[in-house]
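Below you'll find the structure, written out as structure tokens, and then a few comments.
The values are calculated or read from the model by the stated rules, or taken from the named source; none is laboratory data. Quick caveat: nothing in here was measured; it's all calculated off a predicted structure. All Cβ positions, glycine included, derive from the backbone under ideal geometry; neighbour counts span all protein chains shown.
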């Protein structure tokens, strides 16, 4: 028998042995209700879920990024210098503050300034981390305790450096008032100078050269602008009280500088005393026709009075120490018919030692009397109404 016939017979035998039960099985199955889920729809839902998950992940990443930037921004704001405030008496102290006006650093700009800060630290305090107003108040109290501020030396300079002029003005005005109140509580009638502005490179170099603050350098520059005969070097040696006395007459004309109160001149002789000394030394006949002039000046790093007295034919010029009242030098010049002789016939010297003591007293009394008459006449002229032509 051929193999092909054998295979055919085996297939038929197996087919006959296995029954066809498919129809029977299907007839016994119950009909199921519902919706068939197509494969394409399932794939679409899977893709939507993946897209939503991607959105969530991206949003989370953005939230972390924004939060990180916020934290970094807050840190930078807290540690970035926005304003520089300098307090000058003779000690000079610089405070740097952030946007919230919290002190980031306190630095002495000269030996006295460093000493004051060290004393504050020895007392268990430190200015760093304090609010600006509190730090300034504590610093002023320390300056008073150490004797740098007193009734005789009552002037302090507050300088504010901020790129925003409006903000600088607000800080300056507030601190000037606060310091004035602190001085008043300590029994000191203070003179508080306040100024705003940013120091340029040239001014900063001058400040560094002479070992002073930018604020003091700026005040000196403003004084020199009004009185060019002064040198920066000479003015840099003066304390703030002396500079205040020089600047007082120009305050209203100085840009961005104010003064609350009056600098104390009790440590100096009065201009009236200086004039009296000049009259006493000149040994001249006094009358109401004398022309008298006086001004505060600077020579040899100290304040002096320039006093001039003009009589009918002579002009006397004196330089008098503003602290002691001593005559430093003097010169007299004969006045011609129209112009002064410019010193061609002049003479100069020191105090006249041969002037009798009684005569000197009489001259001083006469001088005071003449000054009083001149002053009263000036007041009467100023108060009387002017007549129109």
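When segment 287-332 is filtered for residues that are outside any strand (DSSP E or B), within 22 Å of residue 242 (Cα to Cα) and out of contact with any helix residue (DSSP H, G or I) (no Cβ under 9 Å at 6 or more places or on another chain), the ones remaining, listed by number, are 323, 324. Does segment 182-206 hold any residues that are part of a helix (DSSP H, G or I) and over 15 Å from residue 157 (Cα atoms), and which are they? Once the filter is applied, which keeps residues that are part of a helix (DSSP H, G or I) and over 15 Å from residue 157 (Cα atoms), segment 182-206 yields 184, 185, 201, 202, 203, 204, 205, 206. In this entry, residue 251 passes the filter for residues that are in the same structural domain as residue 180 (by TED's automatic domain parsing), closer than 25 Å to residue 215 by Cα and in contact with a strand residue (DSSP E or B) (Cβ under 6 Å, 6 or more places away or on another chain). Being surrounded by fewer than 17 Cβ atoms within 10 Å (Cβ to Cβ) and in contact (Cβ under 8 Å) with a residue 12 or more places away in the chain: is that true of residue 126 here? Yes, satisfied.
Look at (1) under 10 Å from the mean Cα position of the chain (by Cα); (2) closer than 22 Å to residue 114 by Cβ; (3) part of a loop (DSSP other than H, G, I, E, B) and you find that residue 159 fails only one, number (3). Checked against the criterion of being more than 25 Å from residue 210 (Cα to Cα) and assigned by TED's automatic domain parsing to the domain that holds residue 203, the candidates 143, 127 yield just one match: 127. The number of residues in segment 227-250 that are part of a helix (DSSP H, G or I) and surrounded by 14 or more Cβ atoms within 10 Å (Cβ to Cβ) comes to 14.
Going by the conditions given, is residue 244 within 11 Å of residue 155 (Cβ to Cβ) and either in contact with a helix residue (DSSP H, G or I) (Cβ under 7 Å, 6 or more places away or on another chain) or at pLDDT below 85 (or both)? Answer is no for this residue.
The set of residues in segment 95-111 being in contact (Cβ under 8 Å) with a residue 40 or more places away in the chain, touching a helix residue (DSSP H, G or I) at 6+ places or on another chain (Cβ under 8 Å) and either surrounded by fewer than 22 Cβ atoms within 10 Å (Cβ to Cβ) or under 22 Å from residue 235 (Cβ atoms) (or both) consists of 101 alone.
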